[in-house]
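Enquirer: Okay, here's the structure, questions in a sec.
The values are calculated or read from the model by the stated rules, or taken from the named source; none is laboratory data. Predicted model only: the values in this text are computed from it and were never measured. Reconstructed Cβ throughout: ideal geometry from the backbone, glycine too, with neighbour counts over all protein chains shown. With ligands, DNA and RNA removed, areas are computed over all heavy atoms of the protein, side chains included. Shrake-Rupley method; radii C 1.70, N 1.55, O 1.52, S 1.80 Å.
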Amino acid sequence: MATVTLTNVRKVYDQTEAVHDCSLDIADGEFVVLVGPSGCGKSTTLRMVAGLEDMTEGTISIGDRVVNDVHPKDRDIAMVFQNYALYPHMTVYQNMAFALKLRKTPKDQIERRVLEAAKMLGIEGLLKRKPRQLSGGQRQRVAVGRAIVREPKAFLFDEPLSNLDAKLRVTTRAELKSLHHRLKTTTIYVTHDQEEAMTLGDRIVVMAAGIIQQQGTPFQVYRHPANRFVASFIGTPPMNFVEGALVRADGALRFESADASVSLGVDPSHAPDVAGAVGLPTTLGLRPQAMELAKAPTPGRTITGRARVIELLGDQMDVTCEVGAGTLVARVRAEPGLKPGHTVHMAVDPERVHYFSPGEFGDSLLTRDRAAAETTA
Ligand code: ADP
């Protein structure tokens, strides 16, 4: 096991800056997930750690060793890809044993490690089969098994669950997590799926346009997004955004939307952070989970709209409401009586409201709140 450290790493392909000044300290045994939309530079970052891609600038260390000039096979890491990359003409056993054989590991040791890994993954019964005789989920396990037997310093996973169906993705995800609890090998995992990132990572690193937008525990990033991009990318259904401005009236702060359909009092705990933005264009961020249905409107506390779409999820439902010129989605307790066309009042939990500077990457105004969360988590 080892730490992995990226210092001011940059990658430029022709004209594209795929990764822009990326610095990341990964602790020994930590499970870190790089997450972001397609094309944000997460695979390139992982491939630079693996040595499959040269860096334009920067330093990467694995343990105490700078590996910039170390060949991929000498970096002592194991990578699992989306397409598994198993050798089709070899059995499962041979696939798993291959890297050890190349290293001239004694035969009895190979056998012990392959059997141990196979048992851990529940594939002991498949060792004589060829990859084509396996299901997608079984192939994926063999690919992981092949990585485990090498006992590497770190595992690198590049979207390893993308080829599995939704149900299998969820069970395999849980298995990977439990495997990490047992092996405690430093892991870097790349995915575009925010739910996978939240459930797997000790820490998640949200990337966009080649830049690390925020890193922290899943809870920190969800509860205290650093900017609007992170707020919109992490969490489902996505956070609602309302354009408007903060105003001061009767000694209190309030957010007013541009079309006057939303008027909410600012929670006293947020007031010191947002006071400097009074009068400036500001974006309000509201998670669907931060609202609940109310029987009647309360000035400064509720938003009133008209239900347009109602999606029942079981105990809960997603209500898409027309509010002024826009729409908001609220995830609330299921209420069978609510129908499209009805007027709805949504009570907002003021402590769970977010405020951002304008623009897609507008910074969160709640900086003290976030700093406090970072020191306590
Ligand atoms: P992600 O893994 O987040 O989907 P990538 O790291 O694969 O993103 O790509 C980041 C950016 O670099 C994208 O704009 C992509 O088009 C570009 N890119 C990736 N690989 C190459 C390459 N071999 N040549 C040129 N551009 C590339």
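Enquirer: Please pick out the residue among T298, T304, T343, T375 that is open to solvent by 70 Å² or more (accessible area, probe 1.4 Å), at pLDDT 95 or above and of a type in the set (S, T, Y).
Expert: Matching residue, one of T298, T304, T343, T375: T343.
Enquirer: Would you call T16 loosely packed, with under 15 Cβ neighbours inside 10 Å and within 9 Å of the ligand (Cβ to nearest atom)?
Expert: yes
Enquirer: Collect the residues in the range 242-256 that are within 19 Å of T304 (Cα to Cα) and free of Cβ contacts under 8 Å to residues at least 24 places away in the same chain, keeping them in residue-number order.
Expert: Matches in the range 242-256: E256 only.
Enquirer: Then there's this: From the list D54, D69, D74, pick out the single residue that is within 16 Å of the ligand (Cβ to nearest atom), under 27 Å from R150 (Cα atoms), open to solvent by 10 Å² or more (accessible area, probe 1.4 Å) and over 24 Å from the mean Cα position of the chain (by Cα).
Expert: None of the other options fit; the residue is D54.
Enquirer: If the Cβ limit is 6 Å and pairs must be 6+ apart or interchain, which residue in the range 75-92 that is over 17 Å from I188 (Cα atoms) pairs with which residue that is part of a loop (DSSP other than H, G, I, E, B) and open to solvent by less than 30 Å² (accessible area, probe 1.4 Å)?
Expert: Once the first residue is over 17 Å from I188 (Cα atoms) and sits in the range 75-92, its partners that are part of a loop (DSSP other than H, G, I, E, B) and open to solvent by less than 30 Å² (accessible area, probe 1.4 Å) give V92/L127.
Enquirer: Looking only at the range 233-255, which residues are outside any loop (DSSP other than H, G, I, E, B) and closer than 19 Å to D349 by Cβ?
Expert: Hits for the range 233-255 are N240, F241, V242, G244, L246, A252, L253, R254, F255.
Enquirer: Take V206 and tell me if it is open to solvent by less than 10 Å² (accessible area, probe 1.4 Å), within 25 Å of G39 (Cα to Cα) and either away from the ligand (no atom under 16 Å from the Cβ) or at pLDDT 95 or above (or both).
Expert: yes
Enquirer: Tell me the residue from P218, P288 that is more than 16 Å from the ligand (Cβ to nearest atom) and either within 30 Å of Y13 (Cβ to Cβ) or open to solvent by 10 Å² or more (accessible area, probe 1.4 Å) (or both), please.
Expert: Within the list P218, P288, the selection yields P218.
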